[in-house]
Ligand code: SAH
């Protein structure tokens, strides 16, 4: 759609984020710069254009919507929280006005990822990091392994060993890995907004035969 990496990141930065993040669900929208890097690299590897993509724990939709902008032919947004999906839908309507993405098939599914029974060519996900619920990202990875041969997944850097071992268990190979700094916006009681950066990793996992 004639993007440069920069103009793509700018488009993503215009999307709405969580209004009232639900702490228990670890809702934080992926920073637009981080999302742009992950998706742009995925597109360069041929993993986006014309592909059937599932965004697991889609939240406000930045990853799946970015995939749509880069030419995915089908994107399914899955989230347990309908309020989040409503923002994702709103974001979708907004970008649809400005970009030619009408031909792509788009679905929004209000489900626990556990109960999803669809397959895709590529999964993109920034799951809960497991700060509140230790195994939150494990559930997402296990589901992703049953869905698609190629997975892009964002986790805390501390999860590196865990990602390596679970990928090997499910016979997925780590074909790309990058460390990025991820801003988590925290609203404190005194109405001051503080940005706290954490280190995350982005992994590309591919099924081995
Ligand atoms: N992928 C989005 C949102 C990340 S926040 C982004 O990159 O911006 C994590 C999301 O996972 C939240 O929207 C939360 O509602 C959702 N979530 C948490 N547990 C879930 C579950 N069991 N099934 C589906 N979605 C879940």
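Return a yes/no flag: does the range 81-96 have any residue that is more than 9 Å from the ligand (Cβ to nearest atom), surrounded by fewer than 18 Cβ atoms within 10 Å (Cβ to Cβ) and in contact (Cβ under 8 Å) with a residue 40 or more places away in the chain. Give the steps one after another, and end with the answer.
Initial filter on the range 81-96 (more than 9 Å from the ligand (Cβ to nearest atom)): 82, 86-87, 89-96.
Cutting the leftovers down to surrounded by fewer than 18 Cβ atoms within 10 Å (Cβ to Cβ) gives us 82, 86, 89-90, 93-94, 96.
Going one step further and asking which of them are in contact (Cβ under 8 Å) with a residue 40 or more places away in the chain, we end up with 90, 94.
Yes.
State all residues of the range 161-181 that are touching a strand residue (DSSP E or B) at 6+ places or on another chain (Cβ under 7 Å) and outside any helix (DSSP H, G or I); if no residue qualifies, say none.
171, 172, 173, 174, 175, 176, 177, 178, 179, 180, 181
How do the pairs read when you match residues in the range 37-64 that are free of Cβ contacts under 8 Å to residues at least 24 places away in the same chain with residues anywhere that are surrounded by fewer than 23 Cβ atoms within 10 Å (Cβ to Cβ) and in a helix (DSSP H, G or I), using Cβ under 6 Å and keeping only pairs 6 or more apart or on different chains?
none
Would you confirm whether any residue within the range 11-33 is within 11 Å of the ligand (Cβ to nearest atom), more than 17 Å from residue 127 (Cβ to Cβ) and surrounded by 21 or more Cβ atoms within 10 Å (Cβ to Cβ)?
yes
Collect the residues in the range 61-75 that are away from the ligand (no atom under 12 Å from the Cβ) and not in a loop (DSSP other than H, G, I, E, B), keeping them in residue-number order.
68, 69, 74, 75
Hey, among the residues in the range 111-137 that are modelled with pLDDT of 95 or more, surrounded by 14 or more Cβ atoms within 10 Å (Cβ to Cβ) and not in a loop (DSSP other than H, G, I, E, B), which one's farthest from the ligand (Cβ to nearest atom)?
Out of the qualifying residues, it is 122.
Is at least one residue of the range 146-154 more than 16 Å from the ligand (Cβ to nearest atom), at pLDDT below 95 and buried (at least 17 other Cβ atoms within 10 Å of the Cβ)?
Within the range 146-154, the subset more than 16 Å from the ligand (Cβ to nearest atom) is 149-150.
Narrowing further to those that are at pLDDT below 95: none.
Looking through the range 146-154, none of the residues is more than 16 Å from the ligand (Cβ to nearest atom), at pLDDT below 95 and buried (at least 17 other Cβ atoms within 10 Å of the Cβ).
Might you check whether a residue that is under 13 Å from the mean Cα position of the chain (by Cα), more than 25 Å from residue 23 (Cβ to Cβ), more than 8 Å from the ligand (Cβ to nearest atom) and not in a strand (DSSP E or B) occurs anywhere in the range 49-60?
no
Out of all the residues in the range 17-48, which are assigned to a helix (DSSP H, G or I), under 20 Å from residue 94 (Cβ atoms) and under 10 Å from the mean Cα position of the chain (by Cα)? So that I can check it myself, show each step before the final result.
Just the residues of the range 17-48 that are assigned to a helix (DSSP H, G or I), to begin with: 23-25, 32-44.
Those still in the list that are under 20 Å from residue 94 (Cβ atoms) too: 32-33, 35-36, 39.
Matches in the range 17-48: 35, 39.
Looking at (1) within 15 Å of the chain's Cα centre (by Cα); (2) modelled with pLDDT of 95 or more; (3) in a helix (DSSP H, G or I), which is the one condition that is false for residue 94?
Result: residue 94 fails condition (1) only.
The values are calculated or read from the model by the stated rules, or taken from the named source; none is laboratory data. All of these numbers come straight from a predicted model, not from anything done at the bench. A quick note on method: Cβ atoms are made from the backbone with ideal geometry, for glycine too, and the neighbour counts reach across all protein chains shown.
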